[in-house]
Amino acid sequence: SVMLKIILLGYAHGFISSRRIAKACETNILFMSVSGDIQPHYTSIAGFVAKMHEQIEPLFTQVLMICDEEGLIGRNMFAIDGCKLKSNSSKEWSG
């Protein structure tokens, strides 16, 4: 149950990499409190996700739907992952 909590929290924060979730368990206070200060190795996280992916996906969807019903998901940001879009901004000022 602890591993599932860690993974759902990671997904909710946009962490899809098992290495990033494992690092968050070491450095992020939210992950530390949810995990009971247990720091699982990234291979344990990846193995759990690989074995339980069919159960995790619908559960995460349900969590997101409940959060949306409660108004916990903001609607002021839209992100596109992995998509290149043309921009008219100067390379000097863009980052």
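Just so you know, all these numbers are worked out from the coordinates, no wet-lab data involved. Being a predicted model, the structure only gives us computed values, none of them experimental. No Cβ is skipped: glycine too gets one built from the backbone with ideal geometry, and neighbour counts run over all protein chains shown.
Considering only residues in the stretch 9-31 that are surrounded by 15 or more Cβ atoms within 10 Å (Cβ to Cβ) and touching a Leu at 6+ places or on another chain (Cβ under 7 Å), the one that is nearest to Val63 (Cα to Cα) turns out to be Leu9. Residues in the stretch 19-39 that are free of Cβ contacts under 8 Å to residues at least 24 places away in the same chain and of a type in the set (Val, Ile, Thr): Thr27, Ile29. For the stretch 1-50, a residue qualifies if it is among the charged types (D, E, K, R) and over 22 Å from Leu64 (Cβ atoms), and the qualifying residues are Arg19, Lys23, Glu26, Asp37.
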